[in-house]
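Beneath this line is the structure, given in structure tokens, with notes to follow.
The values are calculated or read from the model by the stated rules, or taken from the named source; none is laboratory data. Quantities reported herein were computed from a predicted structural model and do not represent experimental measurements. Glycine also receives a Cβ, built like all others from the backbone with ideal geometry; neighbour counts cover every protein chain displayed. To get the accessible areas, we keep the full protein, side chains included, count just its heavy atoms, and leave off ligands, DNA and RNA. Shrake-Rupley method; radii C 1.70, N 1.55, O 1.52, S 1.80 Å.
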Amino acid sequence: MIRDSFRILVVDLGTGRGNVMMLEGRDSVAGGSGLAALLFTKYGYPERPWNDPDQPLIFAIGPLTGYFPLMSKTVCAFKSPYHDQYAESHAGGRSALALRFADLDALIITGKAAKPSCVAVGSRHLEVKEVHYLWGLDLSATGKMLRGMFRGGGHRSILRIGPAGENGSAMALINADTYRHFGRLGSGAVMGAKNLKAIVIIGDGIFALPDGKAYAKVFQDVYTQVTATEMMYKYHNLGTPANVASLNKLKAMPYRNLQKTSDESIDEMTGEQFADKTLLRNMACAGCPVGCIHVGYVREKFMEPNQYLYRQVSYDHEPNFAVGSVLGVTDPFRILSLIDVTEKNGLDVMSAGVAMAWATEAFEKGLISEKETLVPLKFGDAKAYAIALNSLGTAENDFYRLLGQGTLKAAEQYGGQEFACVLGQEMAGYATGEVFFISQALGFRHSHLDSGGYAYDQKHDDKDVAKAVEFLVQDEEERVLLTSMVSCLFAREVYKGALLNDCLASLGYQNLAGDMKGVSHRIQRLRWQIRLATGFDPHSVTIPKRFTQVVTWKGPIDQNYLSELKEAYSKRILDLAKQDEHA
Ligand code: SF4
């Protein structure tokens, strides 16, 4: 399976047929993010809307997938219902390894099925199955049914959508193997628009590992580093909520729709509190020895006097903040219950929670009423949020349908743009300062993982625009190489220059190893070119007033610095897209 070309399966839901093809370009775009971008240039329609049946839904893995630890992610690329532009979302679970065992570097879904369907693919297998009986089911019930229909756990990956994806919500996710998600920017709605309830990838092939000592030696080096470092201990021990206590101390935790950036009640939802009270077990994506996935539990009384049921729910800093502190809910069990109801509907928790925070403030200010929200919204009222999040997932009325298209779209109709916590999309859980706000607002995926803007804020209190923008551009370039391999970004301190070079060389990818800088720069440029071709204009991005009212450890946000950063980063993005190949 180590080859210089890509092996791609294109499935046309309109005909129910698939076509395997080989594509050149390994030395140029590597895989993952780079391959997805290359495939969009061939199969995408920049001028047509996201829900045009011909638009592709792309899943791509990289050259190191399956060969090294934490090379565990799949890149999903699509035209997004959130902004009708090119987008990427990444997830782990078993999806990447299943694609590798199915002998596919990428899977592309085009067309629209006549009836609700499920696609199952393997190394020598393609089936498009009508599943009208799954339409309308939540993620949990859908998963249960699919696991019964497609046997073979372990090497099998199940990607599925819930009601939010079926009703076209721009916050709809694609769930990957229960505890991971292609969360942001509405990939679930792309599946829904194609009448596609699920994709089952059956990793039924085998692949040989390289002969000789070189590969075994590099693998051992990587394994030692990922299991021995302090960073990996942190991810396994408390997981991403480990940062909550320090973010709160630093005045960087969004609280009650970012009306504050710290509060003593946030001490109830630290990583330590979640572990002490709710943690059941750790899990890992396939091929990862770290196991950062923390699974807690929620318990519900369903009958008197003492009949309970319980469910397992995974948690992380991002969903925790989005249905926790930003809604004024800090009890770990209540947070897990809200994650559970949101995900069962197939909604991205980060987007939905932050949208709900806007709705709460709009309700308090009288811009909307119970006529819209169906239940009175109040910060801290988890019971009301459970009902409201369910209504958002099912698009219960016009208000929730509109809110599901994005907070700013609802704010355009009802007012309250100034307190919408939107930075390109609903904000991530870092109120660290100017650099992060600009990096998320303008970043390629509008993700806190596009570049380390939140970390930069925590280390720098100077206001050097050129230095900050250079950091964002260089950091994105480094990350895009990793998301083309496709590595979990938690391993970014391990997979650096020389080691990444050794990994590629040990598999026989000498050309890639010898040109890593050139490859990452090329992919970075290609992705921006596609983004601009599908309508992105960095100058048109607005930063809502609420972000300018934030106080961090550095003091009040400096509006001049914020504006200058935005201007300079916009210019760099446009320049990046313009640069020619040999510049
Ligand atoms: S560190 Fe966590 S998210 Fe990353 S591959 Fe391992 S289990 Fe998956």
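Starting from residues that are surrounded by 24 or more Cβ atoms within 10 Å (Cβ to Cβ) and either of a type in the set (A, V, I, L, M) or within 12 Å of the ligand (Cβ to nearest atom) (or both), keep the ones in region 481-493 and report whichever is farthest from ARG26 (Cα to Cα).
First, pick out the residues of region 481-493 that are surrounded by 24 or more Cβ atoms within 10 Å (Cβ to Cβ): 481-488, 491.
So of that shortlist, the ones also either of a type in the set (A, V, I, L, M) or within 12 Å of the ligand (Cβ to nearest atom) (or both) come out as 481-482, 485-488, 491.
On the way: LEU481: 13, LEU482: 15, MET485: 11, VAL486: 13, SER487: 17, CYS488: 20, ALA491: 23 Å.
Here the residue is ALA491.
Report yes if some residue within region 517-534 is open to solvent by less than 10 Å² (accessible area, probe 1.4 Å) and over 22 Å from the mean Cα position of the chain (by Cα); otherwise report no.
Looking for residues that are open to solvent by less than 10 Å² (accessible area, probe 1.4 Å) and over 22 Å from the mean Cα position of the chain (by Cα), one finds at least one in region 517-534, hence yes.
Considering only residues that are charged (D, E, K, R) and open to solvent by less than 50 Å² (accessible area, probe 1.4 Å), which ones fall in region 304-330?
Scanning region 304-330 gives ASP316, GLU318.
Hey, any hits in region 457-474 for a residue that's surrounded by fewer than 23 Cβ atoms within 10 Å (Cβ to Cβ), under 15 Å from the mean Cα position of the chain (by Cα) and not acidic (Asp, Glu)?
Checked region 457-474: no residue is surrounded by fewer than 23 Cβ atoms within 10 Å (Cβ to Cβ), under 15 Å from the mean Cα position of the chain (by Cα) and not acidic (Asp, Glu).
Scan region 1-24 for residues that are surrounded by fewer than 18 Cβ atoms within 10 Å (Cβ to Cβ) and within 12 Å of ILE61 (Cα to Cα) and jot them down.
Residue satisfying the conditions is ARG7 alone.
Within the set of pairs 6 or more residues apart or between chains, which connect a residue that is outside the structural domain of PRO332 (by TED's automatic domain parsing) and over 27 Å from ALA242 (Cα atoms) inside region 284-310 to a residue that is more than 10 Å from the ligand (Cβ to nearest atom) and among the small types (Gly, Ala, Ser) with Cβ atoms less than 9 Å apart?
none
So ASN511 passes all but one of these: (1) in a helix (DSSP H, G or I); (2) of a type in the set (S, T, N, Q); (3) buried (at least 24 other Cβ atoms within 10 Å of the Cβ). Which condition number does it fail?
(3)
Only one of these is in contact with a Pro (Cβ under 9 Å, 6 or more places away or on another chain) and either without any contact (Cβ under 8 Å) to a residue 24 or more places away in the chain or not β-branched (Val, Ile, Thr) (or both): SER325, SER314. Name it.
SER325
Restricting the search to region 379-408, which residues are touching a residue at least 40 places away in the same chain (Cβ under 8 Å) and of a type in the set (Lys, Arg)?
Matches in region 379-408: ARG401 only.
Only one of these conditions is not met by ASP27: (1) within 16 Å of the ligand (Cβ to nearest atom); (2) open to solvent by 40 Å² or more (accessible area, probe 1.4 Å). Which number is it?
(1)
Give ASP276, ASP267, ASP221, ASP263 a once-over and let me know the one that is closer than 22 Å to CYS503 by Cβ and either more than 16 Å from the ligand (Cβ to nearest atom) or surrounded by fewer than 16 Cβ atoms within 10 Å (Cβ to Cβ) (or both).
Of ASP276, ASP267, ASP221, ASP263, the one residue that is closer than 22 Å to CYS503 by Cβ and either more than 16 Å from the ligand (Cβ to nearest atom) or surrounded by fewer than 16 Cβ atoms within 10 Å (Cβ to Cβ) (or both) is ASP221.
Evaluate the following for PHE207: is it in a helix (DSSP H, G or I) and farther than 30 Å from LEU403 by Cα?
Here the answer is no, as PHE207 does not meet what is asked.
Provide a single number: the residues in region 396-416 that are open to solvent by 10 Å² or more (accessible area, probe 1.4 Å) and either touching a Lys or Arg at 6+ places or on another chain (Cβ under 8 Å) or not polar (S, T, N, Q) (or both).
Counting residues in region 396-416 that are open to solvent by 10 Å² or more (accessible area, probe 1.4 Å) and either touching a Lys or Arg at 6+ places or on another chain (Cβ under 8 Å) or not polar (S, T, N, Q) (or both) gives 9.
Among the helices (runs of 4 or more DSSP H) lying completely within region 349-405, list those that include at least 2 residues that are aromatic (Phe, Trp, Tyr) and at pLDDT 95 or above. Talk me through it step by step, then tell me what you get.
Values: elements: 349-364, 370-373, 382-394, 398-403.
Helices (runs of 4 or more DSSP H) meeting the threshold: 349-364, 398-403.
So is LEU209 under 30 Å from PHE547 (Cβ atoms), away from the ligand (no atom under 16 Å from the Cβ) and surrounded by fewer than 23 Cβ atoms within 10 Å (Cβ to Cβ) or not?
no
Is it true that ASP381 is open to solvent by 30 Å² or more (accessible area, probe 1.4 Å) and in contact with a Gly (Cβ under 9 Å, 6 or more places away or on another chain)?
Taking the combined requirement at face value, the residue satisfies it.
Across region 280-303, what is the number of residues that are part of a strand (DSSP E or B) and either more than 8 Å from the ligand (Cβ to nearest atom) or open to solvent by less than 30 Å² (accessible area, probe 1.4 Å) (or both)?
Residues in region 280-303 being part of a strand (DSSP E or B) and either more than 8 Å from the ligand (Cβ to nearest atom) or open to solvent by less than 30 Å² (accessible area, probe 1.4 Å) (or both): 14 in total.
Across region 414-430, what is the total count of residues that are out of contact with any Asp or Glu (no Cβ under 9 Å at 6 or more places or on another chain) and among the aliphatic types (A, V, I, L, M)?
Total satisfying the criteria: 3.
Conditions (1) closer than 30 Å to SER246 by Cα; (2) at pLDDT 95 or above; (3) in a helix (DSSP H, G or I); (4) of a type in the set (S, T, N, Q), marked per residue:
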{"site": "SER506", "(1), (2), (3), (4)": "no, yes, yes, yes"}
{"site": "LEU526", "(1), (2), (3), (4)": "no, yes, yes, no"}
{"site": "ILE573", "(1), (2), (3), (4)": "no, yes, yes, no"}
{"site": "GLU581", "(1), (2), (3), (4)": "no, no, no, no"}
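Checking the structure you have, find out if any residue of region 189-199 is more than 16 Å from the ligand (Cβ to nearest atom), within 27 Å of ILE2 (Cα to Cα) and surrounded by fewer than 20 Cβ atoms within 10 Å (Cβ to Cβ). Break it down stepwise before answering.
Step one: list which residues in region 189-199 are more than 16 Å from the ligand (Cβ to nearest atom), which gives 189-199.
Narrowing further to those that are within 27 Å of ILE2 (Cα to Cα): 199.
Then keep just the ones that are surrounded by fewer than 20 Cβ atoms within 10 Å (Cβ to Cβ); that gives none.
Among the residues of region 189-199, not one is more than 16 Å from the ligand (Cβ to nearest atom), within 27 Å of ILE2 (Cα to Cα) and surrounded by fewer than 20 Cβ atoms within 10 Å (Cβ to Cβ), which makes the answer no.
Which of (1) over 29 Å from MET171 (Cα atoms); (2) away from the ligand (no atom under 16 Å from the Cβ); (3) open to solvent by less than 10 Å² (accessible area, probe 1.4 Å); (4) not polar (S, T, N, Q) does GLY497 not meet, given it meets every other one?
Checking GLY497 against (1) over 29 Å from MET171 (Cα atoms); (2) away from the ligand (no atom under 16 Å from the Cβ); (3) open to solvent by less than 10 Å² (accessible area, probe 1.4 Å); (4) not polar (S, T, N, Q), the one that fails is (3).
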